[in-house]
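The values are calculated or read from the model by the stated rules, or taken from the named source; none is laboratory data. None of the values given here were measured: they were computed from a predicted structure. Every residue, glycine among them, receives a Cβ derived from its backbone with ideal geometry; neighbour counts consider all protein chains shown.
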Amino acid sequence: MEKYQVLIIGGGPGGNAAAFRLSQYGISNATIEKEELGGVCLNWGCIPTKTLVKTAELVSEIRHSENYGLPPMDLKLDYSKILQRKNTVVEQLSKGLEHSFRKSKLAVIKETAVSIAKEDEGYIVQSREGQSYFAPYIIIATGSTPKNLPGITIDEKDIMSSRGILDMETLPKSLAIVGGGVIGCEFASIFASFGVEVTIVEFLPRLISLEDEEISKRLTLLLKRSGIKVLTKTGVESIEKAEGESILKLNNDSEIRAEKVLLAVGRTPAFGLETQGFELAGERGAITIDDSMKSSAAGIYAIGDVTAKLQLAHTASTQGILASEQIAAEILGKPKPTFILDYANIPRCTFTNPEVGSVGLTEAEAKDTFGEIKISKFPFSANGKATAMAATQGIVKCIARKDTGTLVGMHIIGPQAAELIAQGAIMISNNMTAASVEEIVFAHPTLSEAIMESVGELRDITVPNK
């Protein structure tokens, strides 16, 4: 039986970050991964979808070539080549990650972990392939899987998950997307740009419901302008197939037809390992953790989507590093890290056209938390770089406490919002005020000046009496 100091179950962003950090401390570890290193994010999620996003953006710009002083262009898509580029990007990054593991001499076990058994001085992980591995510390990073709806079966042919739709070989004439969260809105934006007739069906009152309500309303309006049909406060009761189409029966006694259906109603934690000799606290498959990523069982840590904290790749990576630092402190006797991850200050991004980026509290959350707040908004239509780019849709919205002036929320909808929001994360994580942000010089002409202007409007300037 092979022995390590740490066993990592799951080779996604969180597990990878943990493996590399542990190796930097000279702590022996092995990653048990049943499919491909990089997990869902690299192979069937973040990277392939953002590759399609870039193509969709380019298609949209070409179709609006007059905005750039160019003549109209007749664009004919060859989706097979778009798909090929997506696969090439994934393959390139996947091989690069495997090379990094080999270069760092990190062990990778291409097996499926099925159980964890408690031993006197650690744990034994058993694989489906019949092998056993021992370590005193375990990091569980098993991720999540797409949620289903009762009575609706994903066949990855007509009714697809977010993974299956990435392997669709031809563009459908019509696509119904069940779920108006981040995943649903991103795919809606992508395929609408490719000329597909798209309908979003969302049970809740608004799209991307966890985001600031004003941003949600603005995104809905812009998606509708791009030709996407949006049905909110609408549930799907069943899906039937007839004459090469799927018929979605809705809870308002109506129905819609589409050639293909994407089920995008969220993701659920995927633990699924049998535990022997101990129990892990948690609900609905999620594992409960503390600020150190420790589970309720000594020596077992959990990170990423399986914890149901904030299901984002960069959340998992940060958790993986923090878990590794805690383990390194115990093994090497070094001081334990004092940093506590504030999940509210983790940037959230939606790669629609235009993009959405947010960090901190929404307007409603800020009012509930602090009572009186200050809000400022700056439109990209007043930003020089955005105007030159013909990308003026959207705003930067900033929220601050009224009593201290401290920034507590930033919400961006507009060009490159996912890149710009990193500045908001830095500002909010460091408890900056409008006055302190004013000490930073922003380059001109840049999109980031929209952040400068929005934050600047929060500052109180007192004019002395003459």
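Looking across the stretch 54-71, the residues that are in contact with a helix residue (DSSP H, G or I) (Cβ under 6 Å, 6 or more places away or on another chain) and not hydroxyl-bearing (Ser, Thr, Tyr) come down to Ala56, Val59. Residues in the stretch 46-67 that are touching a Phe, Trp or Tyr at 6+ places or on another chain (Cβ under 7 Å) and more than 15 Å from Asn87 (Cβ to Cβ): Val53, Ala56, Val59.
The single condition among (1) part of a helix (DSSP H, G or I); (2) buried (at least 19 other Cβ atoms within 10 Å of the Cβ); (3) of a type outside the set (S, T, N, Q) that Ile116 does not satisfy is (1).
Is it the case that Ala417 is closer than 22 Å to Gly45 by Cβ, surrounded by fewer than 22 Cβ atoms within 10 Å (Cβ to Cβ), aliphatic (A, V, I, L, M) and in contact with a Pro (Cβ under 9 Å, 6 or more places away or on another chain)? The answer is no for Ala417. Helices (runs of 4 or more DSSP H) fully within the stretch 299-401 that include at least 2 residues being surrounded by fewer than 17 Cβ atoms within 10 Å (Cβ to Cβ) and aliphatic (A, V, I, L, M): 313-332.
Residues in the stretch 274-298 that are touching a strand residue (DSSP E or B) at 6+ places or on another chain (Cβ under 6 Å), surrounded by 18 or more Cβ atoms within 10 Å (Cβ to Cβ) and not polar (S, T, N, Q): 4 in all. Of all the criteria given as (1) surrounded by 12 or more Cβ atoms within 10 Å (Cβ to Cβ); (2) without any contact (Cβ under 8 Å) to a residue 40 or more places away in the chain; (3) of a type in the set (Lys, Arg), the one not satisfied by Lys260 is (2). Of all residue pairs spaced 6 or more apart or on separate chains, those with beta-carbon atoms under 6 Å, a first member in the stretch 327-342 that is of a type in the set (Lys, Arg) and a second member that is surrounded by 15 or more Cβ atoms within 10 Å (Cβ to Cβ) are Lys336/Ala329. When the stretch 119-151 is limited to residues that are in a loop (DSSP other than H, G, I, E, B) and buried (at least 17 other Cβ atoms within 10 Å of the Cβ), the one that is modelled with the lowest pLDDT turns out to be Leu149. Is it the case, given these coordinates, that Ile247 is under 20 Å from Glu156 (Cβ atoms), at pLDDT 95 or above and surrounded by fewer than 18 Cβ atoms within 10 Å (Cβ to Cβ)? Spelling it out, Ile247 is indeed under 20 Å from Glu156 (Cβ atoms), at pLDDT 95 or above and surrounded by fewer than 18 Cβ atoms within 10 Å (Cβ to Cβ). Checking Glu438, Glu419 one by one, the residue that is at pLDDT 95 or above and among the charged types (D, E, K, R) is Glu419 and no other.
With respect to Gly227, determine if the residue is loosely packed, with under 15 Cβ neighbours inside 10 Å, out of contact with any helix residue (DSSP H, G or I) (no Cβ under 9 Å at 6 or more places or on another chain) and without any contact (Cβ under 8 Å) to a residue 40 or more places away in the chain. Taking the combined requirement at face value, the residue does not satisfy it. Applying the criterion of being touching a residue at least 12 places away in the same chain (Cβ under 8 Å) and in contact with a Lys or Arg (Cβ under 8 Å, 6 or more places away or on another chain) to the residues of the stretch 38-89, the residue that is surrounded by the fewest Cβ atoms within 10 Å (Cβ to Cβ) is Leu75. Take the conditions (1) in contact with a Ser or Thr (Cβ under 6 Å, 6 or more places away or on another chain); (2) outside any helix (DSSP H, G or I); Gly15 misses just one of them, which is (2). I need the full set of residues from the stretch 432-462 which are more than 15 Å from Phe378 (Cβ to Cβ) and part of a helix (DSSP H, G or I), in order please. Ala435, Ser436, listed by residue number.
Of all residues in the stretch 120-172, those being over 30 Å from Phe187 (Cβ atoms) and small (Gly, Ala, Ser) number 5. Per the listing Thr338, Thr288, the residue uniquely of a type in the set (S, T, N, Q) and in the same structural domain as Val125 (by TED's automatic domain parsing) is Thr288.
Pairs linking a residue in the stretch 18-34 that is closer than 20 Å to Ala113 by Cβ to a residue that is surrounded by 18 or more Cβ atoms within 10 Å (Cβ to Cβ) and of a type in the set (Lys, Arg), with Cβ atoms under 9 Å and 6 or more positions apart or on different chains, are Ile27/Arg21.
When we screen Gly164, Gly179 for residues that are of a type in the set (Gly, Ala, Ser) and surrounded by fewer than 21 Cβ atoms within 10 Å (Cβ to Cβ), the only hit is Gly164. Mind listing just one residue for me: the one in the stretch 192-229 that is in contact with a Cys (Cβ under 8 Å, 6 or more places away or on another chain) and not in a helix (DSSP H, G or I) and, of those, nearest to Leu310 (Cα to Cα)? Taking the candidates together, the pick is Ile208.
Residues being of a type in the set (Ser, Thr, Tyr) and over 20 Å from the mean Cα position of the chain (by Cα): count how many of those fall in the stretch 15-56. So the answer is 4.
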